[in-house]
Structures are given as C-alpha cells and as structure tokens.
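Only the coordinates and a few stated rules stand behind these numbers; no lab work does. Source: prediction; values computed, not measured. Don't worry about glycine lacking a Cβ; one is built from the backbone with ideal geometry, like all the others, and counts go over all protein chains shown.
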C-alpha cells in the first residue's frame, strides 16, 4: 500500500456541510525523501523506502550514515517501506502530502500508543471491581477476583486478563476518512482519533487501487 510518514499535531473538530461537528486529528505529513528503491531482482520484492525528519550525523550510526550517503540524502529520523506507488520513484525524490493523498479517501494509520505504565484490571480491562465499598469492605474494591480453579487445572490459563503493562504498543486504526488536505502547510486532517501523543511519528497508508 502506498503512503507517507508524518507526525501527530493534535486534535480539533470541524463542521461538515450538513452542520455536524466532526472530531478530527491534524497530521503533519512529509516531506518524505526516497532513501532506497527495492527491486525484485536484487531484493526479492518491490518497495520504496521513505525517510522522514532530518537527523544530525552525530546521532546516526555509521552503518546508517553510509546508507544515506549512498542514497545522496541527509540522515533521516524515521524509515518505512511502501509499495504500489502510481509514479515511478528514484532515490532522492521527495514526496509531499498532496502527491499521495486526496480528500475523501480512507487511510490506515499506525503509531505507538501512549504508555500508561503498570495498571490494574479496572483501568486496563474495565473490570467493575469486587464487592461493595462499605459494610466492612477492606481494600479489595479494585481487586481482580478469582484467576483460576483449585488443584485442577492447578495453573492460570494463558490470556487471563490481569494487571500489567498498559499502552506503549504499536496500534493501527483502519478506515479513517481524510477530511482535508492542506498542501501549503503540509497538513492532513483525518476523521477520528489516532494512537500516540502530540508529536508522535505515525505511518499513514492508503489501500492499493484495485
């Protein structure tokens, strides 16, 4: 699927032509530079590697410095591979937001969700808690309750909803409608929410044209 790399700016809302208030996310997309073109003969598959966000050589490994020098581009902060671009791309080409996306299209956006740390079952899984808050209730209100049987099976089944690390994982939201494309500012306005904090890097892909 073709796409670009961008950054989450924040959320706002706009009104549709019918007067409905639509929650939307603003993304700063591109410019993305082509750092490598993979071919079927050399790599076994066809794809285009794009880079986003310049990075100083001081904070770039020697191996990646050589990779970017071969491509004739400055070091990039984030890389991602895409395929099925309509245009023929060469190393060093630059793609803007309006080169790939248009209003009314639907896209899938991938990013890392906000990290919540170690959380209990009430916050992590929406448990109601155990028992009541009064009449001698001690400290068991937000407890998980029973997590298994007795001597049979004498273990806790895998996948049991329990306390643990919440967030900080890769999440993909599919079928988000593009409400506006602002090429002068390099902005993309999509309907709904996406994973990540303000300033987080995201990957925007659109379905391959059939």
Which listed residue is touching a strand residue (DSSP E or B) at 6+ places or on another chain (Cβ under 9 Å) and either under 19 Å from residue 28 (Cα atoms) or without any contact (Cβ under 8 Å) to a residue 24 or more places away in the chain (or both), from 190, 122, 130, 156: 190
Total residues in region 14-58, condition surrounded by 10 or more Cβ atoms within 10 Å (Cβ to Cβ) and touching a strand residue (DSSP E or B) at 6+ places or on another chain (Cβ under 7 Å): 30
Condition check for residue 114: in a helix (DSSP H, G or I), farther than 23 Å from residue 49 by Cβ and within 26 Å of the chain's Cα centre (by Cα): no
Among residues of region 83-111, those that are more than 23 Å from the chain's Cα centre (by Cα) and on the phi > 0 side of the Ramachandran plot, counted: 1
Hey, residue 129 surrounded by 15 or more Cβ atoms within 10 Å (Cβ to Cβ) and farther than 27 Å from residue 196 by Cα or not: yes
Selection count where residues are in contact with a helix residue (DSSP H, G or I) (Cβ under 9 Å, 6 or more places away or on another chain) and either surrounded by 17 or more Cβ atoms within 10 Å (Cβ to Cβ) or at positive phi (or both), scope region 165-186: 3
Spans of strands (runs of 3 or more DSSP E) in region 128-200 with at least 1 residues over 30 Å from residue 17 (Cα atoms): 164-166, 170-182
Filter result (within 22 Å of the chain's Cα centre (by Cα) and in a loop (DSSP other than H, G, I, E, B)) within region 117-127: none
Filter result (in a helix (DSSP H, G or I) and either within 13 Å of residue 34 (Cβ to Cβ) or touching a residue at least 40 places away in the same chain (Cβ under 8 Å) (or both)) within region 57-74: 67, 68, 70, 71
